[in-house]
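Engineer: Take this structure, written in structure tokens, and hold onto it; I'll ask about it next.
The values are calculated or read from the model by the stated rules, or taken from the named source; none is laboratory data. Just so we're clear, the structure is a prediction, and the values are computed from it rather than from any experiment. Quick reminder, even Gly has a Cβ in these numbers, built from the backbone with ideal geometry, and neighbours come from all protein chains shown. Just the protein is used for accessible areas: all its heavy atoms, side chains included, with ligands, DNA and RNA removed. Shrake-Rupley method; radii C 1.70, N 1.55, O 1.52, S 1.80 Å.
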Amino acid sequence: MRARFDAVTPREREVLVHLLQGKLNKQIAYELAINERTVKLHRTSFMRKLRVQSVAELTRLVQDGGLFQNGQLVL
């Protein structure tokens, strides 16, 4: 699992953290001062790298690995 997360870029990690906090693409785009389309591209990229098909599966992966604590991705 560690190798999968190592493949995620720093910007993708930023988007990932916001996503895990339950934010919408539009909210993530606003907070990171990027286009909503860019958020979608980052999401597609890290979902592929982490080999998950849905946000629910992503959340389960992160929780089972103990990688998300106090609103932060712990790696």
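Engineer: Only one of Gly22, Gly65 is within 17 Å of Met1 (Cβ to Cβ) and not aliphatic (A, V, I, L, M). Can you tell me which?
Structural biologist: Just one listed residue meets the conditions, Gly65.
Engineer: When you go through (1) surrounded by fewer than 12 Cβ atoms within 10 Å (Cβ to Cβ); (2) out of contact with any Asp or Glu (no Cβ under 6 Å at 6 or more places or on another chain); (3) not β-branched (Val, Ile, Thr) one by one for Lys26, which number turns out not to apply?
Structural biologist: Result: Lys26 passes all but (2).
Engineer: Taking only region 29-42 into account, find how many residues are closer than 17 Å to Gln72 by Cα and open to solvent by less than 80 Å² (accessible area, probe 1.4 Å). So that I can check it myself, show each step before the final result.
Structural biologist: Going through region 29-42, the residues closer than 17 Å to Gln72 by Cα turn out to be 31-32.
Right, trim to open to solvent by less than 80 Å² (accessible area, probe 1.4 Å) and you get 32.
Of the residues in that region, 1 qualify.
Engineer: Working carefully through the options Arg51, Arg4, Arg60, Arg13, find the one that is within 22 Å of Val74 (Cβ to Cβ) and in contact with a strand residue (DSSP E or B) (Cβ under 7 Å, 6 or more places away or on another chain).
Structural biologist: Of Arg51, Arg4, Arg60, Arg13, the one residue that is within 22 Å of Val74 (Cβ to Cβ) and in contact with a strand residue (DSSP E or B) (Cβ under 7 Å, 6 or more places away or on another chain) is Arg13.
Engineer: Which residue out of Val17, Val52 is assigned to a loop (DSSP other than H, G, I, E, B) and surrounded by 12 or more Cβ atoms within 10 Å (Cβ to Cβ)? Full working, then the answer.
Structural biologist: Numbers: Val17 fails: assigned to a loop (DSSP other than H, G, I, E, B).
The match here is Val52.
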